[in-house]
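Engineer: Here it is, the structure, as structure tokens.
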Ligand SMILES: NC(=O)c1ccc[n+]([C@@H]2O[C@H](COP(=O)([O-])OP(=O)(O)OC[C@H]3O[C@@H](n4cnc5c(N)ncnc54)[C@H](OP(=O)(O)O)[C@@H]3O)[C@@H](O)[C@H]2O)c1
């Protein structure tokens with residue numbers, strides 16, 4: 001059955017994988033974006049900004065499902081609050097939210113924690129806003145996407161000596177694997193907090209950086225750096241990993257080979 005779906009973040013890394021999957025399932029798609037876009041490929045665009053609330057009421061008008069993928073490193077809580085506020089009292093009967101593995105396990109208490117890992121607290125706060133909204137909901141927590149770790153490695157590789165958080169491990173997952181899972185969840189009913197989704201393998205940060213450097217034919221010294229604070233301690237204990245849900249199919253090696261040839 002065709003559903004009218006609003007995808008926030010439909011222009012982002014995840015959203016670009018998700019939207020075609022939702023369309024292929026026969027849904028009609030609207031994307032909320034801060035930039036102006038021409039309608040095309042059967043997609044309707046609404047201009048707006050979740051941070052200010054501008055355009056959000058128009059974006060939610062007439063939709064039955066919202067898949068909330070808009071996000072940035074800061075302030076997701078406010079964006080989610082504005083979205084939920086606009087959606088209440090409309091015909092929205094399911095909100096699907098993408099969060100991060102460790103949102104509930106990475107403590108963000110001190111200034112150091114906030115500066116480096118405030119993202120986890122804002123994802124947890126967003127989850128709570130959705131859970132308490134009164135809208136029927138589904139939340140999926142995923143590990144870091146390949147694209148994100150690739151961007152981090154690209155930036156780090158510009159330095160003459162590459163710092164790596166000592167003892168940190170990551171379980172990168174492909175954005176398309178996350179999109180596939182979200183599309184499946186969107187076609188089902190509200191399911192609450194579902195099983196985490198992680199990539200197929202776990203790597204140390206040093207391994208990720210050195211494999212990137214190798215694939216990019218770069219030689220750099222990687223120096224492990226001790227990161228203070230409770231959020232870093234939680235990372236060293238694996239709070240950002242989900243070894244029991246290593247369900248992603250595409251590996252970091254495949255992703256690197258595609259990107260760097
Ligand atoms: N990347 C990861 O490793 C990872 C891991 C787990 C969970 N997640 C979550 O997955 C979601 C998508 O991540 P991503 O990496 O695909 O993000 P991304 O590529 O950085 O894209 C961000 C998207 O959010 C939209 N957006 C940002 N601020 C907005 C605002 N104020 N109003 C409206 N739209 C706004 C952008 O739309 P416009 O620029 O068109 O306005 C864009 O489509 C996020 O919620 C993120 O927290 C990401």
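Engineer: Give the shape of the chain as rounded, prolate or oblate, defined through the alpha-carbon gyration tensor: a ≥ b ≥ c are the square roots of its eigenvalues, a/c under 1.5 means rounded, and otherwise the shape is prolate if a/b is larger than b/c and oblate if not.
Structural biologist: prolate
Engineer: When the helices in the chain are scored as -39500 (n - 2.57) per DSSP H run of 4 or longer and the sum is shared across all residues, what 222 nm value do you end up with, to the nearest 500 deg cm²/dmol? Walk me through the numbers on the way to the answer.
Structural biologist: Details: 9 runs with 101 residues, N = 261.
Calculated at 222 nm, the ellipticity per residue is -12000 deg cm²/dmol.
Engineer: Right, here's the next one. Only counting other Cβ atoms within 10 Å, I'd like 52, 251 sorted with the fewest neighbours first.
Structural biologist: With the sparsest Cβ surroundings first, the list reads 52, 251.
Engineer: When the chain is modelled as a GNM with alpha-carbon springs shorter than 10 Å, which of 184, 23, 218 fluctuates the most?
Structural biologist: Result: 218 has the largest fluctuation of those listed.
Engineer: Now a separate question. Between residue 211 and residue 132, how many nm apart are label points set 7 Å from Cα along the C-beta direction?
Structural biologist: For residue 211 paired with residue 132, the spin-label model returns 4.0 nm.
Engineer: Need the full-extension length gain, residue 24 to residue 230, defined as separation in residues times 0.36 nm minus the C-alpha distance. One decimal, nm.
Structural biologist: Values: separation 206, 0.36 × 206 = 74.16 nm, distance 4.36 nm.
Contour length minus Cα-Cα distance gives 69.8 nm.
Engineer: Give me the one-decimal nm value for the distance between modelled label points at residue 251 and residue 166, 7 Å along each residue's Cα-to-Cβ direction.
Structural biologist: Between residue 251 and residue 166, the simple spin-label model gives 3.0 nm.
Engineer: Describe numerically, in nm with one decimal, the distance between label points set 7 Å from Cα along Cα→Cβ at residue 93 and at residue 38.
Structural biologist: The two pseudo-label positions are separated by 3.6 nm.
Engineer: Follow-up. Give me the number: length gained by fully extending residue 194 to residue 85, i.e. 0.36 nm times residue separation minus the C-alpha to C-alpha distance, one decimal in nm.
Structural biologist: Full-extension gain reported as 36.9 nm.
Engineer: To continue, here is another question. Can you give me the angle between helix 205-215 and the longest principal axis of the chain, using Cα atoms only, in degrees from 0 to 90, rounded to the nearest 10?
Structural biologist: Taking Cα atoms only, the helix is inclined about 90 degrees.
Engineer: Taking the beta-carbon count within 10 Å as an exposure proxy, list 22, 88 from fewest neighbours to most.
Structural biologist: 88, 22
Engineer: Under 13 Å from a label point 7 Å along Cα→Cβ of residue 114: give me every residue in segment 47-75 with its amide N that close.
Structural biologist: In segment 47-75, the label zone of residue 114 (backbone N under 13 Å from the point 7 Å along Cα→Cβ) covers 75.
Engineer: Where does helix 111-131 land angle-wise versus the long Cα axis of the chain, in degrees 0 to 90, nearest 10?
Structural biologist: Orientation of helix 111-131: about 30 degrees from the principal axis.
Engineer: While we're looking at this one, here's another question. Which of 193, 241 comes first, and how do the rest follow, when ranked by fewest Cβ neighbours within 10 Å?
Structural biologist: 193, 241
Engineer: Relative contact order for the chain: what percent, with Cα pairs under 8 Å and sequence separation of 6 or more? Can you show the working numbers first?
Structural biologist: Details: 532 pairs, mean separation 49.1, N = 261.
Result for the chain is 19 percent.
Engineer: By what distance, in whole Å, do the Cα atoms of segment 17-78 stretch along each of the three principal axes, largest value first?
Structural biologist: Ordered largest first, segment 17-78 gives principal extents of 32, 21, 20 Å.
Engineer: Of 186, 90, 138, which is the most mobile in a GNM of the chain whose springs link Cα atoms less than 10 angstrom apart?
Structural biologist: 90
Engineer: I want to verify a result. In a Gaussian network model of the chain, Cα cutoff 10 Å, which of these has the top mean-square fluctuation: 212, 97, 170?
Structural biologist: Among 212, 97, 170, the largest mean-square fluctuation in the Gaussian network model of the chain belongs to 212.
Engineer: Please determine, in degrees from 0 to 90 and to the nearest 10, the orientation of helix 146-156 with respect to the longest principal axis defined by the Cα atoms of the chain, where the helix direction is its Cα long axis.
Structural biologist: Between helix and principal axis, roughly 50 degrees.
Any read-out appearing in this document is the output of simple, stated calculations on the displayed coordinates, not a laboratory observation. The structure presented is a predicted model; accordingly, all values stated were derived computationally and were not measured. Ideal geometry is used to build each Cβ from the backbone, glycine not excepted, and the neighbour counts take in all protein chains shown.
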